[in-house]
Amino acid sequence: MRSQSQDLMPPRIIHILPEQIASQIAAGEVVERPASAVKELVENSLDAGAHSISVEIERGGTGLIVVADDGCGMSREDALLSLRRHATSKVRAVADLTAIRTFGFRGEALASIASVAELRMQTRRPDDDCGVELLVNGGEVEQTRDCALAPGTRIEVRSLFFNTPARLKFMKTLATEQAAAAEVLQRLALANRRAAFRFAADGRTIFELPRVASLLERLRHLYGLKLAERMLPFDYRSGAIRVHGLTSISQESLAAPRLIFTYVNNRPVRDRMLLRAIARAYETLLPRGRHPAVALFVELPPEEVDVNVHPMKTEVRFRRGGLIFELVFSTLRERLKDQTTDGPAADVIVPVRAQPAPPPPFLDTGGPGAAEPGRAHRAERSEAEQTTLRGADTSSEPATCVQNEGGGAVLDRPLRLVADKIANRESQVPLALGFARPNQASPDANAAQGGRPVPRYSSLRVVGQLFAGFIALEGDDGLILVDQHAAHERVTFERLRAELRAGGIRVQPMLAPIPLELNPARAAQTMAALPELRAMGFEVEPFGPAALLLQGAPAVFTPGDSLRLLSDMLESMGENGFRLHGEGAMEEWLKTLACHGSLRVGRVLDVREISSLLEQLDRTEFKTNCPHGRPVHVEFRRPQLERMFRR
Ligand code: ADP
Ligand code: MG
């Protein structure tokens, strides 16, 4: 029996896959959906030096994808070769792999796409008399002939995945696939401004982007003036590494991170570390779950980064990831610290520093959240150091830290692909993506550049206080409302944080120690939490089994408030004491402390108190948002008001 079956066994069971099957397997990695085919084809056009690239799709790209460019084109021989796997003009030797400057280099894309679709390639080099056309079906070249064509390359991909039905099943709705393709193109367009782009779906132009000189202009064309006006430029260089781009002011945010674009050496990548560095930079500036809009470009020598870790080349590996994280984080953080000015180096607006010394810088005294709870140190009370407004009302209603959702969040509109009416082909097709009122009449790209989204509050005319909670200011071009609690909370928080980093929260000794009765049920926990309370600036000693003696309190607050503040903190303390651990824990407590100790809504302010608050605010870093991320001000622009009055 045994020998018989052995006789029937073929001599070998391993065999080399036919080229076509190998390509289809590779295609599964490179072309997982129509958008990935679009990405590969457009990257080829960019690599070919195209100045104008048109992308048309039908049925989300599953029916048809056409990418046409005016790039360098190919000879007949090269065109035939380009369809073979590992056929590339971009890499010749292993050494080249460490210094890749083109998008493509694996030589797989065209072969992969051709193996799972019907493909027609037309291409012509500028010096050739005519072009060549190849018809390819499932990877087999079926016809080659001359054709008439302007210099460049045009590739038509029909019936994608027709021979891989399993892959087709993974497709989402056609609308989703179309949006993904549009997004791929947007990502590439943001980084490649020397080329004009057109995107059409099912016969309708979705967007059209002219060649532009700046990232800001490209962003404005893609997402509208409203977004562009709210972006802050940044540019930082350290040795051979450069970090630059645009990042949104912290008054605005989105519910999803869909407007975060990251590039490494101009290649769109999704890198968790870069995303973390961005999120970290906006910590305490945006409410939890909210996201900024960012176009981040990291440029570094090719040997510092491996781009060949992912078939679609959307992931990279940094040789010194920690360093890149630190650079991105601190560049953005520096930029966001004072959003009044044009940039970290800008000296357009010099903050007026009156008598009180500014808080010491904390960024360079330790890493983010590096502060450890430690024993607070005593300090003599000085009027100038107080951030409190004298006579703060202790009886007003408790501070609210509830997120105010309505607050002018222009970024927070659904991002939809809206087909544009192309009335005037000469003019810029508007901003298809839901941020902007399309057709907003400001063709001047510099308008956005000149916009100063965050005012210097103390330079504005105080109109008055509204609802005992908001300060109304007359700005250059609008009405600005400042949330007094949010403003004071940020001022107080930054003072506390600076003190902590400088060695400990400053303590104001009480004139006479005050006893505080504890809830007996919570007394034990409270006693266990004494070290944390002391680190926060409360000088407390046990006073019998269920009472504390308060001998000193954080100096930034009004002394008369100390006892209430301590009980508020004990109230906020969870079941298990101040239970946050690790990095940033102390900052969380300080947020709570700042919240309890800051001006409440309901507190009527006189003009002197208002000016004092605004001056303090102007001297404060990250003044745009309260430490929980709520905006400190909202603005009603004058034209908006005038429209309301039909002016
Ligand atoms: P890769 O981009 O990794 O080299 P591809 O399969 O995407 O591999 O392309 C293979 C080759 O075909 C490229 O190296 C390039 O020489 C040529 N090619 C592809 N698309 C174009 C185009 N639009 N214009 C000119 N040459 C192209
Ligand atoms: Mg390629």
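Structural remarks
- Region 112-247 shape via C-alpha gyration tensor axes, a/c threshold 1.5: prolate
- Under 10 Å, Cβ to Cβ, from Arg522 - net charge with Lys/Arg +1 and Asp/Glu -1: -2
- Note, ³J(HN,Hα) from phi for region 245-255, Karplus 6.51, -1.76, 1.60, rounded to Hz, x at Gly and Pro: x, 9, 9, 7, 4, 7, 6, 10, 7, 10, 6
- Glu334 accessible area, 1.4 Å probe, all protein chains in place, Å² to nearest 10: 80 Å²
- Sparse-neighbour loop sites [trypsin sites (Lys or Arg not before Pro); region 97-174; at most 15 other C-beta within 10 Å; DSSP]: Arg101, Lys172
- Applying the criteria of a DSSP loop state and at most 14 other Cβ atoms within 10 Å to the GluC sites (Glu not before Pro) of region 548-647 yields Glu575, Glu583.
- Pairs with C-alpha atoms separated by more than 28 Å, drawn from the list Lys39/Lys169; Lys39/Lys337; Lys172/Lys313; Lys39/Lys172, are Lys39/Lys337.
- Based on protein heavy atoms only, region 82-140 ends up with 49 Å² per residue of surface accessible to a 1.4 Å probe.
- ³J(HN,Hα), Karplus 6.51/-1.76/1.60, whole Hz, each residue of region 281-288, x for Gly, Pro: 5, 8, 4, 6, 9, 10, x, 3
- Neighbour net charge for Leu473 - beta-carbon separation under 11 angstrom, K R +1, D E -1: -1
- Charge tally for Ser159 (other residues, Cβ to Cβ under 11 Å; Lys, Arg +1; Asp, Glu -1): -1.
- Region 254-327, dipole about Cα centre (Lys/Arg Cβ +1, Asp/Glu Cβ -1), debye to the nearest 20: 340 debye
- Judged by the ratio a/c of the largest to the smallest principal axis of the C-alpha gyration tensor, region 137-201 counts as oblate, that ratio being 1.5 or greater while a/b is no larger than b/c.
- For region 158-317, the relative contact order works out to 18 percent when only alpha carbon pairs closer than 8 Å and six or more residues apart are counted.
- When Arg59, Arg267 are compared by accessible surface with a 1.4 Å probe, the order from highest to lowest is Arg59, Arg267.
- When Asp235, Asp128, Asp271 are compared by accessible area at a 1.4 angstrom probe, the order from most to least is Asp235, Asp128, Asp271.
The values are calculated or read from the model by the stated rules, or taken from the named source; none is laboratory data. These numbers come from a predicted model, not from an experiment. Cβ sites come from the backbone with ideal geometry, for glycine too, and all protein chains shown count toward neighbours. SASA here: full protein model, heavy atoms, side chains in, ligands and nucleic acids out. Shrake-Rupley method; radii C 1.70, N 1.55, O 1.52, S 1.80 Å.
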